[in-house]
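Written out below as structure tokens is the structure these notes cover.
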Amino acid sequence: MRFNVASIRKQFPILRRKINGHVLAYLDNASTTQKPERVIRALKQYYERYNANIHRGIHTLSEEATEKYEAARKTVAAFINAEPEEIIFTRNTTESINLVAYTWGRANIKKGDIILATEMEHHSNLLPWQALAKEKGAELRMMKITKDGVLIPHLTSPLKGEGSPLSLSLLRRGQGEVFAGYVKLLAITHMSNVLGTINPIKEIIKQAHKAGAKILIDAAQSAAHTSLDVKALDADFVAFSSHKMYGPTGVGVLYGKRELLEAMPPFLYGGDMVKAIEAKSDRYDTCHVRRLMAGARIMTGIIPVIPVWNDLPWKFEAGTSNIADVIAFGEAIKFIQEIGLENIQKHEAELTEYALEKLNALRGITIYGSQAITPPRLQAPGAPATGGQAAPSYNKRGQGGVNFSLHGPILAFNVKGIHAHDLATILNDYSIAIRSGHHCAIPLHQALGVPATARVSFGMYNTKGEIDRLVEGIKVAQKLLAY
Ligand SMILES: Cc1ncc(COP(=O)(O)O)c(C=O)c1O
């Protein structure tokens, strides 16, 4: 399909909105994306035509709702090359990560174990591990980033030939110090929500497995921009959110390898996650029930019920699910697939390069992280050497759908003399929506040595014209506040 940004924009009603007399330039896609007509319609249709609870009813509405809900699961599964049983619907990435921490983590992390994360993690991929480590007497360690905002310099900038070995010592050592215990889990983001850095996860997963660790990939930022093939990657757990992928809020995905999910205890307990309950009713006389109702303590030794957990994936989906939003999320993925992830990626890489060029031309700008978009070895034959700066993109995929881009469509920067919040406020006067603050990544900002950054992040509907407006807005802010 030919990529046509004008026709894509027409499908997003909100992009016609004017704020402060200006048409909206929405550059905050890393927070959440806007929703196309088709996703909004899917929500409306559910409530107007087949609103019913799923998996339980035998009436037509319930059957239709169940069919569409499970069809959405199949769509999500196919999108990342997983089996439908390996796709658990949660509320968001945060809940998906917490699910793993509560269930797999509590069952597998022991005193003295090491959970390894990185300095570029969103708090959602740090705090659940910090809590788990505290509870279990384990240690949470963080891999440092370089000044270019990358983790493993020899793998990313520049890539030296195929299959550069990622030293196992990275997993066994931190800052030259040998870890006392074993790394049981590596929790790592695929794409930084601040710097846009894309970590070479295929190689990292390989090395994590060699070191005997399981790996959780936080794909909240990458899922709408890069291809993810969980089988080719051999990922253990992958978490992402619908709302960052043109789908509704309130839906997250946890992919887990079947054998891991099967071995894990449930997360939430209640309806739908249990297949059968053997009630030991003979142990209960009415008197006992009365004592229970009066708040008396349950006698020890009595096991009231023996549950048999439901099959995957429902074992992890207790209670009534977010049916409408899951169905609409399925539509969002079909929409991405029809436009084509590679087309989207190419467009967003062009926008990122353009923004880098325009922002770099401004006075007093600091852009954080690496500015290399594409590894040198993947440049087209005969392409001029770029020294890692704003290279033309040839975002080819490696084997198994692994993406070799180095940079996603996210840029964090500061303008000398202007606080990021002030910049965002002035830009809002011109209806240019950007994000300012620490973006739930305080350790990363500590590593960068700044309390806050301004962040722009692009989606499939953004244009170079909007970047021009951003640059003009920054110039206005400079005139007002800095120069
Ligand atoms: C890298 C990353 N991880 C996790 C999250 C949390 O996502 P959610 O708020 O959908 O749970 C975000 C949100 O911005 C993110 O950028």
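The values are calculated or read from the model by the stated rules, or taken from the named source; none is laboratory data. A quick note: this is a predicted structure, and the numbers were derived from the prediction, not measured. For neighbour counting, all protein chains shown are included, and Cβ atoms are generated from backbone atoms with ideal geometry for every residue, glycine included.
Kindly provide the set of residues from the range 444-470 that are surrounded by fewer than 17 Cβ atoms within 10 Å (Cβ to Cβ) and either assigned to a helix (DSSP H, G or I) or of a type in the set (D, E, K, R) (or both), ordered by number.
446, 464, 465, 468
Among the residues of the range 415-425, which ones are under 30 Å from residue 36 (Cβ atoms) and either surrounded by fewer than 18 Cβ atoms within 10 Å (Cβ to Cβ) or within 19 Å of the chain's Cα centre (by Cα) (or both)?
Within the range 415-425, just 425 meets the criteria.
Output the residue which, of all residues in the range 163-203 that are at pLDDT below 80 and of a type in the set (Ser, Thr, Tyr), is farthest from residue 443 (Cα to Cα).
By that ranking, first place goes to 164.
Would it be correct to say that residue 331 is buried (at least 23 other Cβ atoms within 10 Å of the Cβ), within 22 Å of residue 252 (Cα to Cα) and among the acidic types (Asp, Glu)?
Yes.
Scanning for something within 24 Å of residue 339 (Cα to Cα), within 16 Å of the ligand (Cβ to nearest atom) and hydroxyl-bearing (Ser, Thr, Tyr), does the range 33-41 turn up at least one residue?
yes
Kindly indicate which of 68, 18, 35 is surrounded by fewer than 18 Cβ atoms within 10 Å (Cβ to Cβ) and not polar (S, T, N, Q).
18
When you scan the range 101-130, how many residues do you find that are within 16 Å of the ligand (Cβ to nearest atom), surrounded by fewer than 17 Cβ atoms within 10 Å (Cβ to Cβ) and of a type in the set (A, V, I, L, M)?
0
Residue by residue through the range 1-59, note down the ones that are among the hydrophobic types (A, V, I, L, M, F, W, C), under 30 Å from residue 427 (Cβ atoms) and in a loop (DSSP other than H, G, I, E, B).
Across the range 1-59, the qualifying residues are 3, 12, 24, 27, 30.
Contact list please: Cβ distance under 7 Å, first residue in the range 200-215 and under 13 Å from residue 114 (Cβ atoms), second residue not in a strand (DSSP E or B), pairs at least six apart or on different chains.
208/171; 211/168; 211/171; 211/172; 212/182; 213/171; 214/236
Quickly run through the range 417-443 and pick out the residues that are in contact with a helix residue (DSSP H, G or I) (Cβ under 6 Å, 6 or more places away or on another chain) and assigned to a loop (DSSP other than H, G, I, E, B).
417, 430, 434, 438, 440
What pairs come up if the first residue lies in the range 7-32 and is more than 20 Å from residue 247 (Cβ to Cβ), the second is more than 16 Å from the ligand (Cβ to nearest atom) and of a type in the set (Asp, Glu), and their beta carbons are under 7 Å apart, counting only those six or more places apart or on different chains?
Once the first residue is more than 20 Å from residue 247 (Cβ to Cβ) and sits in the range 7-32, its partners that are more than 16 Å from the ligand (Cβ to nearest atom) and of a type in the set (Asp, Glu) give 20/429; 25/466.
From the list 134, 147, 206, 160, which one is of a type in the set (D, E, K, R), modelled with pLDDT under 90, surrounded by fewer than 24 Cβ atoms within 10 Å (Cβ to Cβ) and part of a helix (DSSP H, G or I)?
After applying the criteria, what remains is 206.
Return yes or no: is residue 254 part of a strand (DSSP E or B), within 24 Å of residue 332 (Cβ to Cβ) and at pLDDT 95 or above?
In short, yes.
Which pairs have Cβ atoms under 7 Å, sit 6 or more apart or on different chains, and link a residue in the range 441-461 that is touching a residue at least 60 places away in the same chain (Cβ under 8 Å) and within 19 Å of residue 359 (Cβ to Cβ) to one that is acidic (Asp, Glu) and outside any loop (DSSP other than H, G, I, E, B)?
These pairs meet every condition: 457/28; 458/348.
Which one of these is assigned to a helix (DSSP H, G or I), of a type in the set (A, V, I, L, M), away from the ligand (no atom under 16 Å from the Cβ) and in contact (Cβ under 8 Å) with a residue 24 or more places away in the chain: 72, 78, 82?
That would be 72, the only listed residue that is assigned to a helix (DSSP H, G or I), of a type in the set (A, V, I, L, M), away from the ligand (no atom under 16 Å from the Cβ) and in contact (Cβ under 8 Å) with a residue 24 or more places away in the chain.
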